[in-house]
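**Q** Got a structure for you, questions after.
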Amino acid sequence: MNRQFDKTALNRRTVDEITGGRRMRRNRRADWTRRLVRENSLSTNDLIWPVFLIPGKNKSEDIAAMPGVQRVTPDIAARQAEEAAKLGIPAIATFPNIAPELRDETGSNALAADNLINQTTRLIKERVPDIGVITDVALDPFTSHGHDGILRDGIVVNDETVVQLAEAAVLQAEAGADIIAPSDMMDGRIGAIRDALDTNGFSDVGIMSYATKFASGFYGPYREAIGTQDLLKGDKRSYYIDPANSDEAVRDAALDIEEGADMLMVKPGLPYLDIVWRLKESFGMPTFAYQVSGEYAMIKAAAQNGWLDGERAMLESLIAFKRAGCDGILTYFAPEAAKLLSQS
Ligand code: PBG
């Protein structure tokens, strides 16, 4: 069809007649108007920095799938904590890459009082007492099969795992952890950890529940970082949430709140902003998101190829979390973002 555009349409009504004089662009006109009407802002206070640990001294290793991120020994982690504190980052979260010979069927090294996580917490608390230390109690770094719980006849058993997580949480609190963040998604673990902390004299230690952790493909680089990529048999769908579900996520978060969670987290982040929004609307709890390894890798890889402006995409992704209702974000970009924010 060879249809001519009818230009008389342009003469029928002016834009002022169409909009009734309401012009959205007035508020976007200049930098100062944009700053004035800005609804959300990102600050260093919103950032939690996840760091990867390896045993030893004064060593750091690059992680191929996470350009700019390293695995570091406890002494370097303590130095990073110092750097984070100087930048104004409120808290760091630690994730260990446990020596292969210490990994077993039940993840028993999680119960070693002086394991890599606890050693690091002690050192950080000694050197930088004012930074928050958030520790993960899931068993996946400690198991020979890479699952978050104890595996019996091919099944990740819930209740036995919960008992072990509660004990591991107490050891982490003893080492100085401020917040326990269980990422395993076993049923009942929040209540069990709360009870264990309280009866052992750690009623001040908080719980940030990975309330809604999805069975996601975006965790790939993390598994390289903690060395579980070749160990994991099967997948984690029998305990993480199906990415298709949203009501289930709200219900799971509600249970965690009843069991005593102080804060909620959604993971992954950007693909699940609708969940962040629903949780914030439903519960008004302190709500966090974890911008996971795959999200970080996507932005970094595209930036390295010159396909997008990495800094801009990073800041845009972080403000999106704030807009969706997050009080803070766990992000591997934390130090980079904090440096940028301190300049602006
Ligand atoms: C598991 C755990 C995962 C992450 C942190 N703890 C996911 C997994 O391996 O299943 C992912 C973090 C990331 O991808 O950045 N307990």
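The values are calculated or read from the model by the stated rules, or taken from the named source; none is laboratory data. These figures come from a predicted structure and were not determined experimentally. Backbone-built Cβ (ideal geometry, glycine too); neighbour counts: all protein chains shown.
**Q** May I ask you to list the residues in the range 225-261 that are near the ligand (Cβ under 10 Å from one of its atoms), surrounded by 18 or more Cβ atoms within 10 Å (Cβ to Cβ) and at pLDDT below 95?
**A** Hits for the range 225-261 are A225, I226, T228.
**Q** All but one of (1) within 17 Å of I150 (Cα to Cα); (2) in contact with a helix residue (DSSP H, G or I) (Cβ under 8 Å, 6 or more places away or on another chain); (3) buried (at least 16 other Cβ atoms within 10 Å of the Cβ) hold for S183; which doesn't?
**A** Every listed condition holds for S183 apart from (2).
**Q** Would it be correct to say that R122 is charged (D, E, K, R) and either closer than 28 Å to R223 by Cα or part of a helix (DSSP H, G or I) (or both)?
**A** Spelling it out, R122 is indeed charged (D, E, K, R) and either closer than 28 Å to R223 by Cα or part of a helix (DSSP H, G or I) (or both).
**Q** Also, quick follow-up: Identify the residue in the range 194-217 that is within 13 Å of the ligand (Cβ to nearest atom) and touching a Ser or Thr at 6+ places or on another chain (Cβ under 7 Å) and, among all such residues, is modelled with the lowest pLDDT.
**A** The residue in question is Y210.
**Q** Can you find a residue that is under 18 Å from the mean Cα position of the chain (by Cα) and at positive phi anywhere in the range 95-103?
**A** Within the range 95-103, none of the residues are under 18 Å from the mean Cα position of the chain (by Cα) and at positive phi.
**Q** Right, something else. Quick one: in the range 283-300, which of the residues that are away from the ligand (no atom under 15 Å from the Cβ) and not in a strand (DSSP E or B) is surrounded by the fewest Cβ atoms within 10 Å (Cβ to Cβ)?
**A** G284
**Q** Next up: Inside the range 162-178, can you point out the residues that are within 16 Å of the ligand (Cβ to nearest atom) and more than 22 Å from the chain's Cα centre (by Cα)?
**A** Listed by number, the list holds a single entry, Q164.
**Q** Can you confirm whether P335 is within 16 Å of the ligand (Cβ to nearest atom), in a loop (DSSP other than H, G, I, E, B), at pLDDT 95 or above and of a type outside the set (G, A, S)?
**A** no
**Q** Just one of the numbered conditions (1) buried (at least 19 other Cβ atoms within 10 Å of the Cβ); (2) away from the ligand (no atom under 12 Å from the Cβ); (3) of a type outside the set (D, E); (4) in contact (Cβ under 8 Å) with a residue 40 or more places away in the chain is not true of G191; which one?
**A** Result: G191 passes all but (1).
Residue-wise test of (1) within 15 Å of K213 (Cα to Cα); (2) not in a helix (DSSP H, G or I).
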{"position": "D274", "(1), (2)": "yes, no"}
{"position": "E281", "(1), (2)": "no, no"}
{"position": "L308", "(1), (2)": "no, yes"}
{"position": "R312", "(1), (2)": "no, no"}
{"position": "K322", "(1), (2)": "no, no"}
{"position": "L330", "(1), (2)": "yes, yes"}
{"position": "L341", "(1), (2)": "no, no"}
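**Q** Of all the residues that make up the range 120-144, how many are of a type in the set (G, A, S), in contact with a Pro (Cβ under 7 Å, 6 or more places away or on another chain) and within 16 Å of the ligand (Cβ to nearest atom)?
**A** Selection size over the range 120-144: 1.
**Q** Scan the range 82-119 residue by residue and report those that are within 16 Å of the ligand (Cβ to nearest atom) and of a type in the set (S, T, Y).
**A** T94, T106
**Q** Could you check the range 137-221 for strands (runs of 3 or more DSSP E) lying wholly inside it with 3 or more residues that are within 20 Å of I329 (Cβ to Cβ)?
**A** So the answer is 206-213.
**Q** Right, here's the next one. In the range 145-159, is there at least one residue being at pLDDT 95 or above, closer than 19 Å to F52 by Cβ and away from the ligand (no atom under 16 Å from the Cβ)?
**A** Taking every residue of the range 145-159 in turn, none turns out to be at pLDDT 95 or above, closer than 19 Å to F52 by Cβ and away from the ligand (no atom under 16 Å from the Cβ).
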